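Here is the structure we will look at, set down as structure tokens.
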Amino acid sequence: MLTTNAFNFVNVLDKAADASWQRENLLANNIANVDTPGYKRKDLDFESVLQTELTGNRNKTLTSKINDLDLSDLNPTVYRDLTNYSYRLDKNNVDIDVEEAEYASEQIRYQGIAEGINNEFERMSTVIK
């Protein structure tokens, strides 16, 4: 991780990419356990953590909010989803259709984040030239 504010956009994107990769792994694990009796799906929440950190002073620009971020506070939380809910007799709450759709969506999100990181470095490279 780069330690100057000039790279905060890249650092935030890096944290988002890590969270997206971790969520993909959780979703793949849910899919793998679709037939495991009693298994409860797991998911990850990064968006609300980022939104909470960026919410605040309305007079600040997004750039200044990102520059003021404490990146150590941007930690996604893993949680068990609807632990008491299951429509199946084996008490498993994984819906394969939902998991596959979420997995595909997360792959697209990860690709977008990676593209954003590449674009930031291309901009920096252009400035350096």
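The values are calculated or read from the model by the stated rules, or taken from the named source; none is laboratory data. What you see is a predicted model, and the numbers here were worked out from it, not measured in a lab. So basically every Cβ, Gly included, is an ideal-geometry build from the backbone, and we count neighbours across all protein chains shown. The protein model used for the area step is the full one, side chains on, heavy atoms only, and it has no ligands, DNA or RNA in it. Shrake-Rupley method; radii C 1.70, N 1.55, O 1.52, S 1.80 Å.
Out of the residues in segment 50-93 that are in a loop (DSSP other than H, G, I, E, B) and aliphatic (A, V, I, L, M), state the one that is least open to solvent (accessible area, probe 1.4 Å). Even if it seems obvious, please write down each step before you answer.
So in segment 50-93, the residues in a loop (DSSP other than H, G, I, E, B) come out as 55-61, 68-70, 74-76, 81-93.
When the remaining residues are screened for being aliphatic (A, V, I, L, M), the result is 69, 74, 82, 89.
Numbers: LEU69: 20, LEU74: 1, LEU82: 102, LEU89: 175 Å².
Ranking the qualifying residues of segment 50-93, first place goes to LEU74.
Which members of segment 13-29 meet the condition of being more than 8 Å from the chain's Cα centre (by Cα) and of a type in the set (Asp, Glu)?
ASP14, GLU24
Mind checking which residues of segment 94-108 are modelled with pLDDT of 95 or more and either in contact with an Asp or Glu (Cβ under 9 Å, 6 or more places away or on another chain) or aromatic (Phe, Trp, Tyr) (or both)?
If the condition is that a residue be modelled with pLDDT of 95 or more and either in contact with an Asp or Glu (Cβ under 9 Å, 6 or more places away or on another chain) or aromatic (Phe, Trp, Tyr) (or both), then GLU102, TYR103, GLU106, GLN107 are the ones that fit.
Quick check on segment 23-41. Is at least one of its residues of a type in the set (S, T, N, Q), at pLDDT 90 or above, surrounded by fewer than 17 Cβ atoms within 10 Å (Cβ to Cβ) and closer than 30 Å to PHE7 by Cα? First the steps, then the outcome.
As a first pass, look at segment 23-41 and keep what is of a type in the set (S, T, N, Q): 25, 29-30, 33, 36.
Then drop every residue that is not at pLDDT 90 or above, which leaves 25, 29-30, 33, 36.
Okay, now just the ones that are also surrounded by fewer than 17 Cβ atoms within 10 Å (Cβ to Cβ), so 25, 29, 36.
Adding the requirement that they be closer than 30 Å to PHE7 by Cα leaves 25.
Yes, that holds for at least one residue.
(1) free of Cβ contacts under 8 Å to residues at least 60 places away in the same chain; (2) within 18 Å of ALA19 (Cα to Cα): which one isn't true of LYS60, the others all being true?
Looking at each condition in turn, LYS60 falls short on (2).
Tell me whether segment 82-92 contains one or more residues that are among the hydrophobic types (A, V, I, L, M, F, W, C) and either modelled with pLDDT of 90 or more or closer than 20 Å to LYS15 by Cβ (or both). Don't jump to the end; show me each part of the working.
The first filter runs over segment 82-92 and keeps only residues among the hydrophobic types (A, V, I, L, M, F, W, C), leaving 82, 89.
When the remaining residues are screened for being either modelled with pLDDT of 90 or more or closer than 20 Å to LYS15 by Cβ (or both), the result is none.
Within segment 82-92 (the criterion being among the hydrophobic types (A, V, I, L, M, F, W, C) and either modelled with pLDDT of 90 or more or closer than 20 Å to LYS15 by Cβ (or both)), the answer is no, since none of the residues qualifies.
Consider segment 94-119. How many of its residues are of a type outside the set (A, V, I, L, M), surrounded by 15 or more Cβ atoms within 10 Å (Cβ to Cβ) and part of a helix (DSSP H, G or I)? Before the answer, list the steps.
Quick first cut of segment 94-119, residues of a type outside the set (A, V, I, L, M) only: 95, 97, 99-100, 102-103, 105-107, 109-112, 115-116, 118-119.
Narrowing the set further to residues that are surrounded by 15 or more Cβ atoms within 10 Å (Cβ to Cβ) leaves 95, 99, 102-103, 106, 109-110, 116.
In the following step, the residues that additionally are part of a helix (DSSP H, G or I) were identified as 99, 102-103, 106, 109-110, 116.
Number of matching residues: 7.
Collect the residues in segment 12-40 that are of a type in the set (Lys, Arg) and touching a Lys or Arg at 6+ places or on another chain (Cβ under 7 Å), keeping them in residue-number order.
Restricting attention to segment 12-40, the residues satisfying the condition of being of a type in the set (Lys, Arg) are 15, 23, 40.
If the condition is that a residue be of a type in the set (Lys, Arg) and touching a Lys or Arg at 6+ places or on another chain (Cβ under 7 Å), then LYS40 is the only one that fits.
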